[in-house]
Every structure is written in structure tokens, then in C-alpha cells.
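See below for the structure under consideration.
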Amino acid sequence: MSKNPELSHEPEAEMRRLSRRSFVWAGVAAASAFGALRWLDTQDLNNGIPWPFRRALALNEKLARGYFRGYRLAPEFEGHATSDRTNGDIGLDGDVDEATHIIRVLGLHDMSRAVNHDDDKEAAVELTVSQIKAMPAVSMLTELKCIEGWSIFVQWKGARLADLIAKLGPATRSGRAPDVLNHPDDLLEFVGISTPDDAYYVGLDMAAALHPQTLLCYEMNGAPLTPEHGAPLRLVIPVKYGVKNIKRIGSIRFTSQRPKDYWAELGYDWYAGL
């Protein structure tokens, strides 16, 4: 049976045509990507990154805030914690004595109890770690998720930040006395927390600060915190990525202005919600 020479070359011709088309489209895509990168390089920076990226992060935050519910708990587990992992040592320079360590709390409704031992510092209520330990204790085994992609399971013990907030009473938006249980929406919107030397600092939305699993933690895996894990007191907040779990708490401030945040200033997401 004879073969039609024209038909025998049709598949090869079609393949060549498709290859040329693919090459052209690949070139267009590469040129577009290069042009987009060049365009981004010319855009104004917003907290360390070009504004289109910051706008995308703001959209992510809006979505995350929309589905966040204070009664929804992060999963808690039974069994043994995984081996711990040390990560991040900003603000942990020098030794700290638990017996003399002070946590300064600012932005309260009633500042008549506040003290000021230094003319350069704003008056604040000063707490010891012993006072934190005297509050009702909470234990939980939760997953600590790092923004880098790894995670570990940790047994924590500490006092709820919400209990401290209810005890001290932050300032309110209305100026009236705070009612944390019935009117949390009247509290100032943000909480800023920093290390004693202010080298590391995080900002939280009040809803996350009031979450029942947000702890002022002093024990890890059944033992007191070690210096590399934030002794004598650190934050544990399972509804946020690890960058928000600040170690060695030195001050807590309630504020109406969004607090500065160490990693957000370097281009990361300020909200950092899971």
C-alpha cells in the first residue's frame, strides 16, 4: 500500500509549529515576569517591602481576621512533646534573675496604681514572675508552627493573658471602666509586647491576646523555661506563627495604635495568624 508523502510529514510539521508557539509564549512569559520584577523594584517601600506586596499581606490579614473566632481552639494533643528546638535569640542577651525580673504593664484604665522609678520611663504597673505564677495555671500540649515551615509539639504551662487583662483592666475606647468579659470590643485594639532591652517586639490584636490559649508561660515540657527558650517568662499563642511567641517578656502595653513588630518591619506579615 502506497503512502501519501504529504500525510507522513503532517505530524512532524504540527510538532514544529507547536514547539515554535510554545517557545514564543515562554519568551513572552519570561519577558512579562522580568518586566514585573523591574516594575516592583521601582515601587515605594511600605514597611520594608514594595507596596503591592504589603497590600497583598493586608488582604491576607483582612481575610484571616474575618474567619478568626475567639472560641475556636488550636488543636491540643495527648502524649509526649517532641524534642525541643531552639530558634531565635534576639533580645536574650545577658542573664536574667527570675526573683528580680519585672514585667512592666502600660496603658491601663486606672493608672493610680502605677509607679515610676525612672524619670525617663512612663509610669507602669510592675509585676514579678511570682505574681504571674500565683494566677490560675493552664497546661496544654500544642503545636508551635514556625513561619519557616517546621513545627514542634510542646507542653506549656502558664497563666492566661486574658486573666491578666481582666485583672488589671486596660484603657478603653469609650473611656469607661473596662468590662473584659461582657464588652471586650470596648478595649483598646492592640497589645504590644517587648523584651526588657526592646531588641525584640511583637504586636497583637486584642482578640488574639484574649484567646483562652494565649499564655504567659513559665514552664516548657514539664520543666522551668531555659534562657534560650525565653526564661523567665514568654508568650505562647498557638493561633499565631512562632514569630509572635516572644521570649523573655519585659513589657506589655495596651494601645489604640498598631504596635511595631520586629519581623513585620522586615517584610513579613504583621498579623501572622494561622
Kindly indicate the residue of the range 54-97 that is among the charged types (D, E, K, R) and assigned to a helix (DSSP H, G or I) and also farthest from the chain's Cα centre (by Cα) among those meeting that condition. 55
Test result for residue 210, in the same structural domain as residue 144 (by TED's automatic domain parsing) and buried (at least 22 other Cβ atoms within 10 Å of the Cβ): no
Just wondering, is there one or more residues in the range 138-148 that are aliphatic (A, V, I, L, M), touching an Asp or Glu at 6+ places or on another chain (Cβ under 7 Å) and within 28 Å of residue 189 (Cα to Cα)? yes
Exclusive hit being surrounded by 14 or more Cβ atoms within 10 Å (Cβ to Cβ) and in contact with a Pro (Cβ under 7 Å, 6 or more places away or on another chain), set 92, 127, 141: 92
Quick one: how many residues across the range 223-274 are in a loop (DSSP other than H, G, I, E, B), among the basic types (Lys, Arg) and under 24 Å from residue 156 (Cα atoms)? 2
The range 124-160 - residue that is among the hydroxyl-bearing types (Ser, Thr, Tyr) and in a strand (DSSP E or B) and, of those, nearest to residue 250 (Cα to Cα): 128
For the range 213-222 the number of residues that are surrounded by fewer than 23 Cβ atoms within 10 Å (Cβ to Cβ) and not in a strand (DSSP E or B) is 3
Report, by residue number, each residue of the range 111-131 that is at pLDDT below 80 and under 28 Å from the mean Cα position of the chain (by Cα). 121
Can you say whether residue 99 is more than 19 Å from residue 215 (Cβ to Cβ) and exposed (fewer than 14 other Cβ atoms within 10 Å of the Cβ), as far as the supplied structure shows? yes
Quick check on this structure: which one of 197, 185 is more than 25 Å from residue 149 (Cα to Cα) and either in a helix (DSSP H, G or I) or free of Cβ contacts under 8 Å to residues at least 24 places away in the same chain (or both)? 185
Set 140, 135: member being touching a helix residue (DSSP H, G or I) at 6+ places or on another chain (Cβ under 9 Å) and under 20 Å from residue 221 (Cα atoms): 135
Selected residue (only one of 118, 163, 84 is under 23 Å from residue 248 (Cα atoms), in the same structural domain as residue 200 (by TED's automatic domain parsing), touching a residue at least 60 places away in the same chain (Cβ under 8 Å) and acidic (Asp, Glu)): 84
Condition test on residue 110, is it of a type in the set (Asp, Glu), more than 28 Å from residue 226 (Cβ to Cβ) and touching a helix residue (DSSP H, G or I) at 6+ places or on another chain (Cβ under 9 Å)? yes
Among (1) closer than 17 Å to residue 88 by Cβ; (2) crowded, with 19+ Cβ neighbours inside 10 Å; (3) touching a residue at least 24 places away in the same chain (Cβ under 8 Å), the one test that residue 234 misses: (3)
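The values are calculated or read from the model by the stated rules, or taken from the named source; none is laboratory data. Worth saying up front: this structure is predicted, and the values here are computed from it rather than measured. When we count neighbours, we look across all protein chains shown, and the Cβ atoms used for this are built from the backbone with ideal geometry, even at glycine.
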